[in-house]
Structure formats: structure tokens, C-alpha cells
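The structure appears below as C-alpha cells.
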Amino acid sequence: MDKEDLSPHVDEIMEAIGDKVPREKISEELERYIDVFRLNIQTAKRTILKKFGDLTEEPVISANLKKLSEIQPGEMSVNFVGKIITVNDKEIEARGEKKRILYGLIGDDTGTLSYTVWDIPEKRFDRGDVISVRNAYSKEYNGRVQLNFGSRTGIKEIDEEIELADIPISTPKPAKIGEIDDDARSVEVTGRIVSIEKKIISGDSGPREIFTGLIADETGRIRFTSWGDTRLKEDDVVCISGASVRFWRGMPQLNFDERAEITRVKGDFPDAKSLMESQIAEIFSLNEGAGAIDVTINGVIMQIREGSGLIFRCPECKRVLQKGSCRIHGKVDGVADLRVKGVIDDGTGALTAIINRDLTEELIDMTIDECIEKAREVMDYDSIKDILEDRLLAQPLQLRGNVTVDEYGPMMIAQSADRLDPDIKSEAEKLVIRLEESE
Ligand SMILES: [Zn+2]
């Protein structure tokens, strides 16, 4: 930027700080901030005003000033300058007392965020005001960052103009569903809605409807939450632009509301069945990530781990009993349960799968009552683990479920478990041979 362009800005600064600093010096500083430190013009001006401005007044700008787009959920103390886009007030009941709060949207040149003022300041701000805010805190609400102004928060109206970003938060980046990671702030995805269900949750202003489900493309699938009725239906192929990515329990999710741009996509797109079938994951790839939702794997049960078979749970808290005792509730009459904790290998890696009672009954073709009867016959509950080993070891299975990863590696809670059909079985047998050979 050359001197000519900066001239009106220098004028503005001179007007604000008076003639105690030579114009030449201000001009030099401004150039330096812009050319060397790469500050944008507004930030550069604010920095100079802070440096040379009236020091008897509390500096408007504090050192850790953030742009709205940089603010993450869960920050305890954030400072920023923003322009009030909307301001509304409402009465709420907090701890049995009625109080008024303000809420609305605030923006800067990087984006917009919603805010809530829990203690209304004496001097209320209005729409269009530019305010400097210190010690606000941020939370996640409906999958978006929300600013909160509490009793510690300082709000000050300042005489400054701010240009608002044209597009809220950031320009959505087109992304393949399987490649979405935590760097993706706002994305544009195209996929088929493979499932969707309505849920009622309780919000600040009473119950509200949200919609959750799975959307898939040929690279993967991801859980989504629509915080409002975006009229999506199962099997729709849509392009959703402006969804934000948030991690929940280590898995990425998409969040959006009516503000997202949703368009129906015409033309060829794989059907739901083939989208789901084409997505057999390699266990190796699960090891790297933070986990994955609704994963399908084909593998062979290589080990039935301790804790498999007939187990007894506390009737109160469902914890597994150790020698008839619950860690919390002491001696209790246990409720019988059946499960497999199995190590599944697909040739690329191994994971621990937890297979629940219903699925286990199906796999071993025995009900839990039959297991109990059998165990009583031989007077050994551990004998059921032997039956599991007999019937399941080296068996090729297809498992589907959510995978989490911790220091012991990936673990899947199976939502379905099926023996593989003959075609795939022969593939799996080859796999077993390969595994044995590699030992
Ligand atoms: Zn208990």
C-alpha cells in the first residue's frame, strides 16, 4: 500500500491523537505495521492509537485482541472489538429470579458470532455501535461458538468504524466427507442423506426440534445435526454449504441450521446401499485418527479376551461385578449378561470389539438362558468363554459400529455383527492363512 492510500488514515489518526506526534512519524509507523507486520489497516490504526493516544484513558485495545473467527469454544477470557449487528432483550428465569438479558449478533471483518449479555450494562449499546469487549467467555451452543458477557466482562463503546465480513465466519471449503478433519471450520459437502431422525431437546426457550442423521459420499460418512428444520429427507442428495465441523467424543460431526445453503443435487449419485457397502474400513487406518463413526470392518476373531462370556452386572449401575460385588454398591444380586470382547484382525491391523448380548446370542446360536443352563450343568460360568472360543475363533465376521481410539488402540462397540457370506468367507480364509504365515 503506498503513501497516497494511507494519507486519509493518517489524517484520522492525527485527528484522534492531536499534534503531539509529528505526522511524518505516524505515517512511518502505519506503513511499518502494514508492510512489515502485515496488520490490516484497522488493526494497524488501533495499534497506533493505543501507542500514541491519550494515555490518561484506559487503553481501548488490550494486547490479546482476537478476531471473531479466531475465538474457540471454552475460552475463559477473550478480548475483541466488534460491531453490534442485532440486539434483542428477553426476560429469563435464573435461579428462581426473573432477569433481563440481551442477545444478538456481533461482527467484525472476519465473521459474526452470537452473544448473550447476562448483566446488562448501565449504558446499553445499540445496533451499529462498535464496542470493545474485555473478559468475555465463549461456549459452544448448537455447534457454534457463542460469546457470553458476564459480570467480569468490560464493555465499552468506541468511536471506530468496522467493516463487516461479507460471509459469516469463513468461506465454506468444499470437502469430501472422508477427508473432513479438525482444520475444517466451515465446509461444503455433497452427499446422500442415508438416515435422518427428529429429536426433541430442551432449550432455553422450551423444547425444540432438531434433526440428526448420517450423510455419506463415496469417501465416507459423517453424523450431522440440523438445528432447525432444513427439510432434509432420507435419500436426498444435497450440497450443504456453510456447515461447521465440531468434534464430539473424538469424532467429527457436521452442524448447520437454516442459514446453511442447501441445494438438491441432480444427476448420478451412488445409492445408499452401495455407499454403505463400499465403505469397508481398514483397521490400520482407524489406528491413526481420533476415532470414526459408523465404521464397517471385515476381519477374523483372533482372540476372545478376559471378560467375555457370561458376566453379571450390578442391578443399580450396570457395572460388571467382581466376585459378586459391585465397586459402588457392594454385594448385590447380579443380572446375567453375555458379551464378547474380541480381538479382530483384518490383515492391516487389529482392534478390540465389544459385541453385546443380542449380537452374541445370534453369533453362537445360543440364548443367554441356554448359556446359564449349560454353565450350571458343568458348575462353571467360565465355561461359556470356552464355547465362545469354540464357535468364534478364526471366524470371519463383518462388524459395524463406532470406533474410539485410546492408548490401547482402537475399540469398536459393535452395532451389528454378522458372519461373512461364503464369497467373502473364502477371502477371509485366505486372510487367516496369510496371518498364520506371517507369524
Ligand atoms: Zn452398582
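The values are calculated or read from the model by the stated rules, or taken from the named source; none is laboratory data. The structure displayed is predicted, hence computed values, not measured ones. Backbone-built Cβ (ideal geometry, glycine too); neighbour counts: all protein chains shown.
Which ones in segment 333-355 are β-branched (V, I, T) and closer than 20 Å to R376 by Cβ?
We begin by selecting, within segment 333-355, every residue β-branched (V, I, T); these are 335, 340, 343-344, 348, 352, 354-355.
Correct list: V335 only.
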> Yes or no: T348 among the hydroxyl-bearing types (S, T, Y), more than 16 Å from the ligand (Cβ to nearest atom) and closer than 19 Å to R419 by Cα?
Replying inline: no
Could you check, for segment 308-317, whether at least one of its residues is assigned to a strand (DSSP E or B), hydrophobic (A, V, I, L, M, F, W, C) and within 16 Å of the ligand (Cβ to nearest atom)? yes
From the option list E91, E140, E97, single residue qualifying as at pLDDT below 90 and either more than 25 Å from D257 (Cα to Cα) or not assigned by TED's automatic domain parsing to the domain that holds G74 (or both) is E97
Scanning segment 286-312 residue by residue, those modelled with pLDDT of 90 or more, surrounded by fewer than 22 Cβ atoms within 10 Å (Cβ to Cβ) and either basic (K, R) or farther than 30 Å from Q322 by Cα (or both) turn out to be R305
Per the filter on segment 274-307, residues aliphatic (A, V, I, L, M), within 30 Å of D382 (Cβ to Cβ) and outside any strand (DSSP E or B) are I283
Among residues of segment 324-337 being assigned to a loop (DSSP other than H, G, I, E, B) and within 26 Å of A353 (Cβ to Cβ), the residue nearest to the ligand (Cβ to nearest atom) is R327
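Answer yes or no: is there a residue in segment 357-372 that is among the hydrophobic types (A, V, I, L, M, F, W, C) and either surrounded by fewer than 16 Cβ atoms within 10 Å (Cβ to Cβ) or in contact with an Asp or Glu (Cβ under 6 Å, 6 or more places away or on another chain) (or both).
Within segment 357-372, one or more residues are among the hydrophobic types (A, V, I, L, M, F, W, C) and either surrounded by fewer than 16 Cβ atoms within 10 Å (Cβ to Cβ) or in contact with an Asp or Glu (Cβ under 6 Å, 6 or more places away or on another chain) (or both).
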Reported set for segment 338-396 where residues are of a type in the set (S, T, N, Q) and either over 17 Å from A414 (Cβ atoms) or not in a strand (DSSP E or B) (or both) is T348, N356, T360, T367, S383, Q395
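For every residue, the table says whether it meets (1) in contact (Cβ under 8 Å) with a residue 60 or more places away in the chain; (2) assigned to a loop (DSSP other than H, G, I, E, B).
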position: S69; (1), (2): yes, no
position: G74; (1), (2): yes, yes
position: V81; (1), (2): yes, no
position: V87; (1), (2): no, no
position: E93; (1), (2): no, no
position: K98; (1), (2): no, no
position: Y103; (1), (2): no, no
position: I106; (1), (2): no, no
position: L113; (1), (2): no, no
* Take G342 and decide whether it is within 16 Å of the ligand (Cβ to nearest atom) and over 25 Å from R223 (Cβ atoms). => no
